[in-house]
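Here the structure comes first, spelled out in structure tokens, and everything after it is commentary.
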Amino acid sequence: MNVTRVVQSAVLAVGLTGLLTPAPAQDARQAAASRPGAKPPEEADFVRLPDWTASAAPGPSQRFTLDPGQTRAEIWGRGRAQPAHYFDEFLPGLLQRTLVFDEALPAGSKLEWVFTGPDGGVSVILSDSALEVRQRFYDSTGLGRIRGATRAKHPEYVTDARRAAIEGKIRAVGVTMDYRLHLAVALNGKEVFAQRCPIDLVNHQLRLEGDKNVVRGSCVAPAGKTCAITVDPAARHQTMLGFGGIATPTAYAQLSPEGKRRWWELACEYNLLIQREYPIGTRLNREADNWDRLADATPHYYGDNFPNGEISDFQYIRTLRALGGKVWFEFWKLPPWTLRDWRDPKGRPRRGVVNPKEYVRAMLAYCRASKERAGAPPDVVGVQNEIRQPSPLWEEMTLALRKALDENGFADVRIHMSDASRLGAGLEWLADLRKSPEAWAVTDFTATHLYDFQNCLGDPDRFDAPLLRWRELSEGKPFLSTELCVNSQEYQWRSYRLALSMGQLYHKNLVLADAAAICYCWTLLNVAEPSYGWTRTLFVPDAEHGFVPKASSHQLRVFGAFSRRIREGMVRVEARSGDPDVLVCAFAGADGRRTVVALNRSTGPRSVTVNWPDGRFTMAEIVDPYHENARLVKDGQPVPDAIVVPPGAIVTLTNVAGKVCRAEFEDEE
């Protein structure tokens, strides 16, 4: 399916008119239905239906007829032919579809509305007296071996099944997959079920059981709307430093020479030019001369994966710097020889806390090694990653580090605060840091990870208040969003809708917290279990195609909707959206450069116009389940004044040219 078809469909639609706590779990009945060997759901719900009122301005629709006498499809494994109808469309990233029946569903009929995707599907089963909803997974033969699994001609396991008894005449059934990772089912406009569902849905069809009744109707999509975006270039916010993350040397070493060349092309194309070092820690020797000895990489495992170790690669850093990249350095676990036993101000003993003098010696050793081996010291050093030292020692580490950098020729190296793993903890750490005016004065950047956003995936706007609080406490100091990804078992999935949820986080990070840089956890990670690659990294080495880098999931394209055209030195300017579900950020740079990113989190298309005085865009790129940062307008053709953003899609409008990679690197093989 090409871009033109998606956009034409969307244009047609427009023309036809509790802070950071986990999201509520599914209720006990849903959880019980999900367990292996669970019995079919009981009729635990009862719904009295309202009368159906048709929309005054319906969107585009497709007619269907299920006639046992005329339309029958042979479905292997189901025993006999059934009346069926296949809808000729590829579903958008977010969706709402409503079946409107010409007459009430006849008594004795059983209608199954089947949605399918690459890994699973959803079934909505409807009779004149009951509704059942099922989520289905069929992407592994192991699913067919689970006790209670569906016996079919393919592996399948049913989960999150719900059933309700119905009273009233059914005239319409609607299915919504929204930006909160929810699946909602409504009858006659009344919501009956809502449950978490990260599954991507691509196609849908109808099946009818029964030999007597004919069912006719229409499948209706939401009507399109317009959205005006107004940009005020005089209202300026943060200056961008860029995007990036951790490209682990153990993964880079697995790439073939062609794979390494391709990696640098992709790093430039996606503007992943900040390398956040995950350096050797516990294995760093006292001489501090094994920073990049690959054999000394600390073996860290995700599940049964490769040892993604703590180590550096100064040749990699040299190449990155030749492309204009930047390096951030920060210890996680400190070398054992930098630790000591200590008593806090109240005399309480603490074991294994930092010795600031030895800590500073290790930090300086890295700066010297990087200058010698990579041509320059790191641009930014962090105090420590995710480890909370006692407050007096935090202050001492920060002040001693600044003093040592200045006295040893590294006055241009800047410092960011210790970054917590979660924003909730980060707010506490930031407030603690500010209790020391001296340490606060020498801290150049605030920093934190944002892993607690996963607790808000069911309601992303719950994350707004703490992000605004972070900006308030930062008091104008630039904010480095040092690490984010999805690492929760419940959401470790290659779903596009999950990636779109992260897109909302990137937007909020930039617009609410004034992030000057955003780093994904890993940009390149070597994995054996693919689920660890789907959400924790943007790329993985592709052994099946010659050890070249490949996108591990949809996460890359969504991250790229922001990173590719928002460059270092650009300034975020105020942008106002005329629709609360069209999230917009805008950036201006030298020589008239400008970029607008519009994320449509509604279930209907939006025709977007941008009012930005004195300038036009030369490119438009789209991200959705079917397009990976693809051009909407051919080179040389003008970008139209109105651009349609399909539901669940991101459109980037820009005049910022892509960066061409001209890297030369030493082949170490």
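Coordinate-derived values only; no laboratory data. Computed from a predicted structure; not experimentally measured. Glycine also receives a Cβ, built like all others from the backbone with ideal geometry; neighbour counts cover every protein chain displayed.
Counting helices only, and only those DSSP H runs with n ≥ 4, report the 222 nm mean residue ellipticity of the chain as the sum of -39,500 (n - 2.57) divided by its residues, in deg cm²/dmol to the nearest 500.
-6500 deg cm²/dmol
Could you tell me how far the Cα centroid of region 590-645 sits from the Cα centroid of region 463-494, in Å?
26 Å
So which lysines pass the test for residue 169, namely a Cα distance under 16 Å, with those fewer than 8 places away in the same chain ruled out?
Output for residue 169: 110, 190.
Which order, highest average first, do 335-341, 324-330, 639-645 follow once you tally other Cβ atoms within 10 Å for each residue and take the mean per peptide?
Going from most to least packed, we get 324-330, 639-645, 335-341.
Please report, in debye to the nearest 20, how large the charge dipole of the chain is about its Cα centre when each Lys and Arg carries +1 at its beta carbon and each Asp and Glu carries -1 there.
Result for the chain is approximately 640 debye, rounded to the nearest 20.
Packing-wise, with mean Cβ within 10 Å as the measure, how do 134-147, 375-388 rank, highest first?
375-388, 134-147
Straight-line reach from residue 435: which lysines have a Cα under 24 Å away, not including same-chain ones fewer than 8 places off?
Filter leaves 346, 357, 403, 477.
As I understand it, the dipole of region 151-204 uses +1 on the Cβ of Lys and Arg and -1 on the Cβ of Asp and Glu, about the Cα centre. Which of 177, 203, 193 lies farthest toward its positive end?
193
Ranking request for peptides 445-457, 46-58: highest mean number of other beta-carbon atoms within 10 Å first, then the rest in descending order.
Top to bottom by mean Cβ count within 10 Å: 445-457, 46-58.
Mind running the shape call on the chain? Use the C-alpha gyration tensor, a ≥ b ≥ c as the square roots of the eigenvalues: rounded below 1.5 for a/c, prolate if a/b tops b/c, oblate otherwise.
Since a/c reaches 1.5 and a/b is larger than b/c, the shape of the chain is classed as prolate.
Sort 585, 367 so that the residue with the fewest other Cβ atoms within 10 Å of its own Cβ comes first and the one with the most comes last.
Taking fewest neighbouring Cβ atoms as first place, the list is 367, 585.
Please identify the cysteines of the chain that lack any partner cysteine with a Cβ under 4.7 Å from their own Cβ.
197, 219, 227, 367, 456, 519, 585
Could you give each residue of region 413-422 its phi-based ³J(HN,Hα) in whole Hz, using Karplus coefficients 6.51, -1.76, 1.60 with θ = phi - 60°, and x for Gly or Pro?
6, 9, 10, 10, 5, 4, 9, 7, 6, 10
Need one word for region 242-565: rounded, prolate or oblate. Basis is the Cα gyration tensor (sqrt eigenvalues a ≥ b ≥ c); a/c below 1.5 gives rounded, then a/b vs b/c decides.
Oblate is the answer for region 242-565, as a/c is 1.5 or above yet b/c matches or exceeds a/b.
Take every DSSP beta bridge with both residues inside the chain and express the antiparallel ones as a percent of the total, to the nearest 5.
In the chain, DSSP labels about 70 percent of beta bridges as antiparallel.
Considering the options 492, 526, 316, tell which one lies farthest towards the positive end of the dipole of region 242-565, charges being +1 on Lys and Arg and -1 on Asp and Glu at the Cβ, about the Cα centre.
Result: 316, furthest along the dipole toward the positive end.
Residue by residue, what Karplus-based ³J(HN,Hα) values in Hz, rounded to whole numbers, does region 146-160 have, using 6.51, -1.76 and 1.60 with θ = phi - 60° and x for Gly and Pro?
Coupling constants for region 146-160: 6, 4, x, 5, 5, 8, 9, 7, 8, x, 7, 9, 9, 9, 6 Hz.
List every residue whose amide H lies under 5 Å from the amide H of residue 330, counting only residues 5 or more places away in sequence or on a different chain, with H placed 1.01 Å from N in the peptide plane.
Long-range HN contacts for residue 330: 277, 382.
Write out the chymotrypsin sites (Phe, Trp or Tyr not before Pro) in region 458-505 meeting two conditions: DSSP loop, and at most 15 other Cβ atoms within 10 Å of their Cβ.
Within region 458-505, no chymotrypsin sites (Phe, Trp or Tyr not before Pro) qualify (loop, at most 15 other Cβ atoms within 10 Å).
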